[in-house]
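The values are calculated or read from the model by the stated rules, or taken from the named source; none is laboratory data. In this text the structure is predicted, and so the values were computed from the model without any measurement. Virtual Cβ from ideal backbone geometry, glycine too; neighbours counted across all protein chains shown. The accessibility values were calculated without ligands, DNA or RNA, using every heavy atom of the protein model including side chains. Shrake-Rupley method; radii C 1.70, N 1.55, O 1.52, S 1.80 Å.
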Amino acid sequence: MSPEPSLKYVVVEHAGYQGEQDVFSHPDFRVAAKWLRIGIPILRSRTCTSTSPVIFPMAIVPMKSSPTPEIVRYSLAWRNPHTQPSGPRVLHAALVTRGERCPQEILDLWSPGCGYAVTWELVTQRPIRRWGKEARGRVRCKNLERRMTAKFPLFAVVFIAQELEKRPQYYEGDY
């Protein structure tokens, strides 16, 4: 079983304490663990000025790295459904990274009651996660059992068996 390509292991200094920071990261756990054994004496010699030993609480943390930042479009668009705009439908638009505030140039153009509104739209999309065959079949069987026991508690076992016999591929998760 190969590791997930977007997963990386991060060596964290002062793990769980104030001043926590990433020191080293690598996609292979063994490399991160080896660095942790070798890197601690180097960190101690660089940062410790007194003769007393300093304990660095360190940890190796698996983290998912985001491959690309999500992009958002802020725009000043006509949103009054009862009238037509006197100018263009979209006065101004700007692309920013998700999490950033609306650009000031769009906010400067907007005024209350003018018919235009500041809108937000996600431009990039994450890939769709599909269910596996086993998971799909398991959920379909559970839902069938739940439906039959709720509607026909006395004859649920018989009706479930009939349904599984009638459509075996569906309840195996084939389609």
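Suppose we keep only residues that are open to solvent by 60 Å² or more (accessible area, probe 1.4 Å) and either in a helix (DSSP H, G or I) or among the small types (Gly, Ala, Ser) (or both) within segment 99-133. Which one would you say is modelled with the lowest pLDDT? Of everything passing the filter in segment 99-133, Gly99 is modelled with the lowest pLDDT. Assessment of segment 77-91 against the conditions (under 28 Å from the mean Cα position of the chain (by Cα) and loosely packed, with under 15 Cβ neighbours inside 10 Å) yields no matching residue.
Looking at segment 108-150 only, could you name the residues that are charged (D, E, K, R) and closer than 30 Å to Pro81 by Cβ? Answer for segment 108-150, where residues must be charged (D, E, K, R) and closer than 30 Å to Pro81 by Cβ: Asp108, Glu121. A count restricted to segment 100-125 and to residues that are under 17 Å from Ile71 (Cα atoms) and without any contact (Cβ under 8 Å) to a residue 12 or more places away in the chain stands at 2. Only one of the numbered conditions (1) within 16 Å of Tyr74 (Cα to Cα); (2) surrounded by 15 or more Cβ atoms within 10 Å (Cβ to Cβ) is violated by Phe159, and that is (1).
Selection of first residues in segment 127-141 that are without any contact (Cβ under 8 Å) to a residue 60 or more places away in the chain and closer than 13 Å to Pro168 by Cα and of second residues that are hydroxyl-bearing (Ser, Thr, Tyr) and not in a loop (DSSP other than H, G, I, E, B), restricted to Cβ pairs under 8 Å at least 6 apart or on distinct chains, gives the following pairs, ordered by first then second residue: Gly137/Tyr171; Arg140/Tyr170; Arg140/Tyr171; Cys141/Tyr171.
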